[in-house]
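Asks: Here it is, the structure, as structure tokens.
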Amino acid sequence: MNPNEQQIDRIVSDILRQVKSQSGDHSKRGESTGAKLGRAAVMKAAGKIEISEFPLRQIGPDEILVKVEACGVCGTDIHCYKSDPFNLAPVVLGHEGTGEVIEVGRDVKMDSVGKPVRVGDRIVTSILDTSDACMIAKYNPLKSNLCDDLKVYGLLPDEPDNHFNGYFGEYLIIRPNSSVFVVNEMSVDLRCLIEPAAVVCHALERAKNCGSTLNFRSRVVVQGCGPIGLLMIAVLRTYGINNIIAIDGNSNRLEMARTLGADDLLNYKDYAGIDDLAAKVQSLTKGLGAHFGFQVTGVPTAFSNLFKCIRRGGGICEVGHFVDGGECAINPHHDICRKEITLIGSWVYNSFEYPNAYHFLQRAEQIGLPVTSLITHKFPLDQIQEAFEVNLRQEGVKVMVEAR
């Protein structure tokens, strides 16, 4: 066969179309990332973060490649930055993030609640499943958050072939057996609040199920108005609690607490001591003390003080101590036994609580709570160290790092 010039042109065009089609198909299925590079903020040691560029490895058939849009700075990130208490360095931090799906492994069909996952979707993720050897998860799957081998993106050690394990970078590789949720209908700011919202939703569920009183007439104290404390106030208001007392030493954060649902604002600096502060709480609760209290400061002394503000038969949920902040003194007779206090702890959340978290945020906006006002500062990735320092100085509330 001796093809003429027109036939040759047609054959070449057909081949080029096939190559282009196959290339596009591979990209969607995650079978080739080429020589793509991406930047990531690597915490080399406590107090030291460097922006480095790394090659992106090919994703596997059960993985997803995400182009990061933004990530909030969490108190846990700050603890890591200050002292690396978990010995993770070198590590790419960041777990309050979100991004756009740009490649999907060929075996990935849907997210954790059955929504299809496609290129272009906006997603959130945080937790990887625990190992099969975990006895806690084996005998009580609803308590898998208590597994010693719980893995969270942004708290995974750096790897030779993958430096994109946290949201403080331009990309994130979502591994098999991860919790993934498509949240296309939500703004970037709202998506970055889903992870901390899951923390307070979990705390609320713990409090509801412990036998203490939480209903429309309950009087509740929230001690600590950082990002988690403020979201705790918002979730209580959204749940229907109509009497919320916020306690903090920062007047600006107390005013924000008011916009998110607090009825009474108590600046502990205005009182001579805990007895004086507790007396004020009692005056706001018919002389009895609050039905329930959420301790969200992470300060041991604050935890011991909160008992003085709770009535007999009431309850306390400890939410704030995600790292060891030290010890404190309580009186077992006066603080616990005589009052028959119900004391519970709340640790992180389970992956299945993410839908509860983003539905809470959507509902909070619907009833007029300005939850995204928590985000007071935004920094590009190149200025991440300044973002951390601003957080350390407690200038504002929630600091966000944008992958730009």
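Asks: Could you pull out the residue among ILE136, ILE127, ILE123 that is touching a Cys at 6+ places or on another chain (Cβ under 7 Å) and either surrounded by 15 or more Cβ atoms within 10 Å (Cβ to Cβ) or under 20 Å from PHE86 (Cα atoms) (or both)?
Replies: Of the residues listed, the single one that is touching a Cys at 6+ places or on another chain (Cβ under 7 Å) and either surrounded by 15 or more Cβ atoms within 10 Å (Cβ to Cβ) or under 20 Å from PHE86 (Cα atoms) (or both) is ILE136.
Results for (1) at pLDDT 95 or above; (2) in the same structural domain as VAL180 (by TED's automatic domain parsing), shown as yes or no for each residue.
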{"site": "GLY24", "(1), (2)": "no, no"}
{"site": "LEU65", "(1), (2)": "yes, yes"}
{"site": "GLY72", "(1), (2)": "yes, yes"}
{"site": "ASN87", "(1), (2)": "no, yes"}
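Asks: Hey, among ALA272, ALA246, ALA257, which residue is over 25 Å from GLY313 (Cβ atoms), of a type in the set (A, V, I, L, M, F, W, C) and surrounded by 21 or more Cβ atoms within 10 Å (Cβ to Cβ)?
Replies: ALA257
Asks: Given the criteria in the same structural domain as VAL221 (by TED's automatic domain parsing), surrounded by 19 or more Cβ atoms within 10 Å (Cβ to Cβ) and in contact with a Phe, Trp or Tyr (Cβ under 6 Å, 6 or more places away or on another chain), does CYS317 qualify?
Replies: Answer is yes for this residue.
Asks: Do we have any residue at all in the range 350-368 that's touching a helix residue (DSSP H, G or I) at 6+ places or on another chain (Cβ under 7 Å), assigned to a strand (DSSP E or B), aliphatic (A, V, I, L, M) and modelled with pLDDT of 95 or more?
Replies: Pass one, the range 350-368, residues touching a helix residue (DSSP H, G or I) at 6+ places or on another chain (Cβ under 7 Å): 350, 353-354, 356-358, 360-361, 363-365, 367.
Filter again for assigned to a strand (DSSP E or B), leaving none.
The answer is no, given that none of the residues of the range 350-368 is touching a helix residue (DSSP H, G or I) at 6+ places or on another chain (Cβ under 7 Å), assigned to a strand (DSSP E or B), aliphatic (A, V, I, L, M) and modelled with pLDDT of 95 or more.
Asks: Mind counting the residues in the range 194-221 that are over 22 Å from the mean Cα position of the chain (by Cα) and either buried (at least 23 other Cβ atoms within 10 Å of the Cβ) or in the same structural domain as LEU146 (by TED's automatic domain parsing) (or both)?
Replies: Total satisfying the criteria: 3.
Asks: Next question, about the same structure. Kindly list, by first and then second residue, each pair from a residue in the range 367-382 that is on the phi > 0 side of the Ramachandran plot to a residue that is part of a loop (DSSP other than H, G, I, E, B), limited to pairs with Cβ atoms under 7 Å and residues at least 6 apart or on different chains.
Replies: none
Asks: Given the criteria at positive phi, surrounded by 15 or more Cβ atoms within 10 Å (Cβ to Cβ) and either touching a His at 6+ places or on another chain (Cβ under 6 Å) or charged (D, E, K, R) (or both), does GLY94 qualify?
Replies: Considered against the rule, which asks whether it is at positive phi, surrounded by 15 or more Cβ atoms within 10 Å (Cβ to Cβ) and either touching a His at 6+ places or on another chain (Cβ under 6 Å) or charged (D, E, K, R) (or both), GLY94 comes out as no.
Asks: Which one of ASN177, ASN87, ASN162 is closer than 24 Å to PHE54 by Cβ and free of Cβ contacts under 8 Å to residues at least 12 places away in the same chain?
Replies: Within the list ASN177, ASN87, ASN162, the selection yields ASN87.
Asks: If a residue counts only when it is more than 24 Å from VAL401 (Cα to Cα) and of a type in the set (Val, Ile, Thr), which strands (runs of 3 or more DSSP E) contained entirely in the range 160-235 have at least 1 such residues?
Replies: On the way: elements: 171-174, 178-182, 219-223.
Result: 219-223.
Asks: Related question: Take the conditions without any contact (Cβ under 8 Å) to a residue 24 or more places away in the chain and within 30 Å of SER126 (Cβ to Cβ) and apply them to HIS333. Does it pass?
Replies: Working: without any contact (Cβ under 8 Å) to a residue 24 or more places away in the chain: yes; within 30 Å of SER126 (Cβ to Cβ): no.
It is false that HIS333 is without any contact (Cβ under 8 Å) to a residue 24 or more places away in the chain and within 30 Å of SER126 (Cβ to Cβ).
Asks: On to the next question. Going by the conditions given, is LEU142 surrounded by fewer than 22 Cβ atoms within 10 Å (Cβ to Cβ), in contact (Cβ under 8 Å) with a residue 60 or more places away in the chain and either of a type in the set (A, V, I, L, M) or in the same structural domain as ILE310 (by TED's automatic domain parsing) (or both)?
Replies: yes
Asks: While we're looking at this one, here's another question. How about the range 314-339: which of its residues are modelled with pLDDT of 95 or more and either under 24 Å from the mean Cα position of the chain (by Cα) or at positive phi (or both)?
Replies: Across the range 314-339, the qualifying residues are ILE316, CYS317, GLU318, VAL319.
Asks: In this structure, does GLY47 turn out to be closer than 25 Å to ALA198 by Cβ and either modelled with pLDDT under 95 or in contact with a Lys or Arg (Cβ under 9 Å, 6 or more places away or on another chain) (or both)?
Replies: Values: closer than 25 Å to ALA198 by Cβ: no; either modelled with pLDDT under 95 or in contact with a Lys or Arg (Cβ under 9 Å, 6 or more places away or on another chain) (or both): yes.
For GLY47, the condition - closer than 25 Å to ALA198 by Cβ and either modelled with pLDDT under 95 or in contact with a Lys or Arg (Cβ under 9 Å, 6 or more places away or on another chain) (or both) - is not met.
Asks: Something else now. Please go through the range 369-397 and give me each residue that is part of a helix (DSSP H, G or I) and touching a Leu at 6+ places or on another chain (Cβ under 7 Å), ordered by number.
Replies: Of the range 369-397, the ones part of a helix (DSSP H, G or I) are 371-374, 381-392.
Answer for the range 369-397, where residues must be part of a helix (DSSP H, G or I) and touching a Leu at 6+ places or on another chain (Cβ under 7 Å): VAL371, THR372, LEU374.
Asks: Just checking, does the range 201-222 include any residue being of a type in the set (Phe, Trp, Tyr), in contact (Cβ under 8 Å) with a residue 24 or more places away in the chain and more than 24 Å from LEU288 (Cα to Cα)?
Replies: The answer is no; no qualifying residue exists.
The values are calculated or read from the model by the stated rules, or taken from the named source; none is laboratory data. From a predicted model like this one, the values you see are computed outputs, not experimental measurements. Here Cβ is always computed from backbone atoms with ideal geometry, including for glycine, and neighbour counts include all displayed protein chains.
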